[in-house]
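Take a look at the structure below.
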């Protein structure tokens, strides 16, 4: 298994590098990024200077090499060596050291990308885990119940509701919950993020409730339907007939034999969905104005903040690749027929 | 009310229907047969003949589908169709057990075989895990699995086809059931392994005095193991009698057709196979007359249009041998093929020199 | 003497088994087909029987070149196609066609029967467009289906009818060799005979050579005058059917025959003893030394473990790979299996 994980991680790193390269090329193809840094009252001289200071005048391959070096050993900003050495003498505070793994420096935020991400990540991470637990627990439970009561009222109502919820856009669900639950009916306080350090577990928990529910509802609708389909399929398997022929109780047949088989395909879906959330739930974060990675990405995109965007691509890609590896390992643990190669 | 005079297993007028969007599928229509302990009944038929459906009903598996079942299934003095779901569950796997065709799909891929067998034992006996495991190993040894104490912890995919079927047999027999239903137990297996499994089933049957229902499409298997044979076609019994009588003197043209259409390993080599033309009728709209009408070569010998319009009854032709056919004189069936065989043999002999 | 239509020489197919390390290594080989030779003449049938895993299906796939053999020769009309490129194979694929086991999965459910049967005509561009339909309808009629049904989809047909469609597809290009891999084992008993009879009629009419692969001894006997028995990737016995079934020489052939249930024998009188083969077929990754059957053979001696028996004549018509063959004296040749003593 360790050999498997190592090989998959190596492959993952190569994939990440390829992704970063593509992002690099795409961004530079759009024009000189220094133009955005240069600001409103940019003169050609100033632009040239900025371009040089930030190293944007070097070929893409060179910049890519420097970026890679920064990832491994860290690097210092500004990029241009002469300028930085001069600055170190005149104004040492303006020289920024970005330790490994350095994802870059955002001129716009005046922070290293790592600092940026660390600042925004807790909200996204909290939100992802919170909604993940909600949607998996209720989604699978309701899905199993719908499958067991297939064709009866409970099943029909569930299937109908999930279809409606799934069709609603996230911003609608979010705005609705915010407007009615929080503002009009005042069932919960107006949501704003409270970290565990500030408000304790309960404060953290309740501050995230509405946005987590918004996200969870959307995924839950999908998971109810998928779980229902998988359970129904597994109930037609021959081994279910065997389990019944043994004289097992219906509960045992359903949960021990039926659900176990249905969980395996759910596992791989859940892993990927969770990983995708880690890159930030843009819409939910926007609706509730939560400072997460999704908002960071939107802002960076608006400001053409290339270093931040590349950093986010790497983080998101790494999350997906890591989730894939974990899912594969779990899969082998759940299904004895699967061997990791 | 237990009835002493009733046979150990007595299926009476069993009818199984499935409502579908296309109409009601008449899977089994008024089927009746009996079976004593220690005896083997072979049920022969092709896909869709109702042979599996009718046997699943004995186990009460129809209770988990939308099937509509009527009739009576008396097992040891109890009508299995009248008892509650929980009472049926308690009999399932304990008094009546079943072996299925494809042991790979019939075993849960995620659980160790030992746990799956022990589960069947613990469902009906209040014993410790350890005791159940010991009993499981004992059963695995009994069905001829080498190194049972090691293999008990293996998963189904780690066994060969024949060994998997032995696992299924161990699971079915762990509670000493009085009735065992084997649904095509050797169809998925190779011939040498099939022979092993059939031998094993017969040994175990003798040892535990089990009543055995052997469902198969293979008349060869029937010939090897069955005491009585029931031939099913389009949901109904069409011929029923002792294996010897039925195989040597088949009296319903369908049975005769089955025997004639199967090649063998000993007869004349150039005997052309006489297939039954056409295919079975729809079970949603069964024909008014005999279901075999249209494929039958002898219906023209029956006066009038009786075969087309009148469903023949299952009637005795001699003691213990029943057929569902209007044809009075079965000798015409034999006459025709004996004639043909003689010609074939003659040509082979002529060709050999 | 004219060259045979198809000649197979020392055909070998080994599938590598890969390890599970950071860098994968080849650990061993699944010896699916391990050096087999046979010839097939125009219009003849050769039967290939054996149990699952004996390599009979792989052999069929090698001859149709769905696999590329590890080594050996496949001479078709004198030309070696074992290493032919896809381009070189294209004209040969017309001459060697295949009938598959499962009529449910081997037909594309989204194509009409006409498209399925006509596809080879399109690929090889043999018949002008306006005559394709006529050819398809002709083929449907040949296999006993209604020509008007060319517009229907496979799911509208029964299993036996689907197999007829599969046969029609194989016949489209007027092949010289048909590899039939378990062509009737997925069908109901009463339907099997229909399809067997159809194939026999077609063979006579179009002079097609059949490589008939099956596990059912009775059906192979019925179809093929010459039969080869395979075990663990090797041919252990090959003989004309009259001899193979009445006086098998290889102990495995004998065991296989005695295990086959047979109604006729029961009708003729009583049950017979079987030779019980114990255990399973050994793994083709690590087959036994010497004779592959020795681990389950009741006649095995020391020599069987050290020296692989050559496939050679041992009296009678056929060839057998056994150090201690059965039924070698001429008078044995007429002893029916049913009276052979149970040696187990």
- prompt: How compact and how long is chain A, expressed as Rg and Dmax of its alpha-carbon atoms in Å?
  reply: 24.9, 86
- line: Note on chain C, DSSP bridge orientation, antiparallel percent to nearest 5 equals 60
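At R0 = 51 Å, how high is the FRET efficiency between residue A:197 and residue C:41 if r is their beta carbon distance? Nearest 0.05 is fine. Present the calculation step by step, with values, prior to reporting the outcome.
Values: r = 87 Å, r/R0 = 1.71.
That gives a FRET efficiency of 0.05.
Would you work out the relative contact order for chain B, in percent, from Cα pairs under 8 angstrom that are 6 or more residues apart?
Values: 624 pairs, mean separation 64.8, N = 353.
RCO, chain B: 18 percent.
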By average C-beta atoms within 10 angstrom, highest first, the peptides A:184-192, B:324-332, A:304-312, C:302-310: A:304-312, B:324-332, C:302-310, A:184-192
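Run the helix sum for chain B: -39,500 (n - 2.57) per DSSP H stretch of 4+ residues, divided by residue count, reported at 222 nm to the nearest 500 deg cm²/dmol. Don't jump to the answer; show the numbers that get you there.
Details: 13 runs with 127 residues, N = 353.
Counting only the DSSP helices, I get -10500 deg cm²/dmol.
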Protection proxy ranking, peptides C:153-160, C:221-228, average beta carbon neighbours within 10 Å, highest first: C:221-228, C:153-160
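From the helices alone, meaning DSSP H stretches of at least four residues, give me the mean residue ellipticity at 222 nm for chain A, per-run term -39500 (n - 2.57), in deg cm²/dmol to the nearest 500.
Working: 15 runs with 237 residues, N = 341.
Rounded to the nearest 500, it is -23000 deg cm²/dmol.
Given a Förster distance of 45 Å, report the FRET efficiency between residue B:209 and residue B:328 from their Cβ-Cβ distance, rounded to the nearest 0.05.
Numbers: r = 40 Å, r/R0 = 0.90.
According to the calculation, E is roughly 0.65.
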query: residue C:328 label point, 7 Å along Cα→Cβ, cut-off 19 Å on backbone N: hits in the stretch C:232-250?
result: C:236-240, C:243-250
message: Quick check: Cα centre of the stretch B:124-140 to Cα centre of the stretch B:189-204, how many Å?
response: 25
field: Residue-span extension gain [residue A:90 to residue A:10] - 0.36 nm each, minus C-alpha spacing
entry: 24.5 nm
message: Please rank B:5, A:234, B:56, C:106, fewest neighbouring Cβ atoms within 10 Å first, as an exposure proxy.
response: B:5, C:106, A:234, B:56
task: Mind putting together the pair-distance distribution for the stretch B:109-174? All Cα pairs, 5 Å bins, whole percent per bin, short to long.
output: 4, 21, 34, 26, 12, 3, 0
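Provide the percentage of antiparallel DSSP beta bridges, counting only those with both residues in chain B; round to the nearest 5. Write out the running numbers ahead of the final one.
Working: 30 of 49 bridges.
The antiparallel proportion sits near 60 percent.
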- prompt: Once you put a point 7 Å from the Cα of residue A:40 and another 7 Å from the Cα of residue B:335, both along the Cβ direction, what distance in nm separates them?
  reply: 11.4
query: For the peptides A:39-52, A:66-79, B:34-47, what is the packing order when you average, over each peptide's residues, the other Cβ atoms within 10 Å and list the highest mean first?
result: B:34-47, A:66-79, A:39-52
field: Cβ-Cβ FRET estimate between residue C:242 and residue C:10, R0 fixed at 30 Å, reported to 0.05
entry: 0.60
field: Principal axis box of chain B, alpha-carbon based, largest edge first, Å
entry: 68, 58, 42
field: Pair-distance profile P(r), taking every C-alpha pair of the stretch A:36-96, with 5 angstrom steps and integer %
entry: 4, 17, 21, 23, 22, 10, 2, 0
task: Could you run the Debye sum over the Cα atoms of the stretch C:96-193, one equal point scatterer each and no solvent, and tell me log10 of I(q)/I(0) at q = 0.17, 0.18 Å⁻¹, two decimals?
output: -0.70, -0.78
Label-point separation in nm, residue A:22 to residue B:5, each point 7 Å along Cα→Cβ: 8.3
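Taking square-rooted eigenvalues a ≥ b ≥ c of the alpha carbon gyration tensor, is the stretch A:2-103 rounded, prolate or oblate, where a/c under 1.5 means rounded and, failing that, a/b exceeding b/c means prolate? Mind showing how you got there, number by number?
Values: a/c = 3.36, a/b = 1.64, b/c = 2.05.
Oblate is the answer for the stretch A:2-103, as a/c is 1.5 or above yet b/c matches or exceeds a/b.
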task: Please report the Cα spread of the protein assembly as shown along all three principal axes, rounded to whole Å, starting with the longest.
output: 116, 81, 67
statement: the protein assembly as shown: antiparallel bridges as % of DSSP beta bridges, rounded to 5, reads 65
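Hey, got the average number of other protein chain Cβ atoms within 10 angstrom for residues in B:88-98? Don't skip to the end; give the middle numbers.
Values: counts 1, 7, 1, 1, 5, 7, 2, 1, 2, 3, 5.
That average works out to 3.
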task: Take chain C, connect every pair of alpha-carbon atoms lying under 10 Å apart with a spring to form a Gaussian network, then pick out the residue of C:48, C:145, C:66 with the largest mean-square fluctuation.
output: C:66
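Roughly what percent of Cα-Cα pairs across the stretch A:120-302 reach past 19 Å?
Values: 10410 of 16653 pairs.
Here the tail beyond 19 Å accounts for 63 percent of pairs.
Percent relative contact order of the stretch B:109-174, based on C-alpha pairs within less than 8 angstrom and at least six residues apart? Provide the component values of the computation, followed by the final result.
Values: 70 pairs, mean separation 31.5, N = 66.
In percent, rounded to a whole number, it is 48.
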query: Over chain C, what per residue volume does the convex hull of the Cα atoms give, in whole Å³?
result: 170
For C:238-251, mean number of other protein chain Cβ atoms within 10 Å: 1
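Can you sort C:322, C:297 from fewest to most other Cβ atoms within 10 Å of each residue's own Cβ? Please list the in-between numbers first.
On the way: C:322 25, C:297 21.
Result, fewest neighbours first: C:297, C:322.
Please compute the average number of Cβ atoms from other chains found within 10 Å of each residue's Cβ in peptide B:161-167.
Values: counts 4, 3, 2, 0, 0, 0, 0.
Partner-chain Cβ atoms within 10 Å, mean over residues of B:161-167: 1.
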message: Based on alpha-carbon centroids, what's the gap between the stretch A:1-78 and the stretch A:243-286 in Å, whole number please?
response: 39
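So what is the relative contact order of chain C, in percent, for Cα pairs below 8 Å that sit 6 or more residues apart?
Numbers: 647 pairs, mean separation 65.0, N = 344.
Relative contact order here is 19 percent.
Given the alpha-carbon gyration tensor of the stretch B:1-137, what are the semi-axes of its equivalent ellipsoid in whole angstrom, ordered largest first, with each equal to the square root of 5 times an eigenvalue?
Working: eigenvalues 160, 83, 43 Å².
One finds semi-axes of 28, 20, 15 Å for the stretch B:1-137.
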- prompt: Say each of residue A:119 and residue B:125 gets a label point 7 Å from the Cα, pointing the same way as Cα to Cβ; how far apart are those two points in nm?
  reply: 7.0
Gaussian network model of chain A, springs between alpha carbon atoms under 10 Å - residue of A:293, A:168, A:277 with greatest fluctuation: A:168
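Please give the calculated 222 nm ellipticity per residue for chain C, where each DSSP H segment of at least 4 residues contributes -39500 (n - 2.57) and the sum is spread over every residue; nearest 500 deg cm²/dmol? Walk me through the numbers before you get to the answer.
Numbers: 11 runs with 109 residues, N = 344.
Calculated mean residue ellipticity at 222 nm is -9500 deg cm²/dmol.
Quick one: order C:298, B:256 by neighbouring beta-carbon count within 10 Å, fewest to most. Display every interim value, and only then the final one.
Working: C:298 14, B:256 23.
Listing C:298, B:256 from fewest to most nearby Cβ atoms yields C:298, B:256.
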message: Per residue, how big is the convex hull of the stretch A:165-258 when only Cα atoms are used? Give it in Å³.
response: 135
statement: Distance in Å, no decimals, from the C-alpha centre of the stretch A:126-185 to the one of the stretch A:304-337 is 26
query: Of B:170, B:243, B:195, which has the largest mean-square fluctuation in a 10 Å C-alpha GNM of chain B?
result: B:195
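Bear in mind that the values in this text are calculations on the coordinates, not laboratory data. Every value quoted in this text rests on a predicted model; they were computed, and no experiment measured them. Glycine gets a Cβ as well: all are built from the backbone with ideal geometry, and neighbour counts include every protein chain shown.
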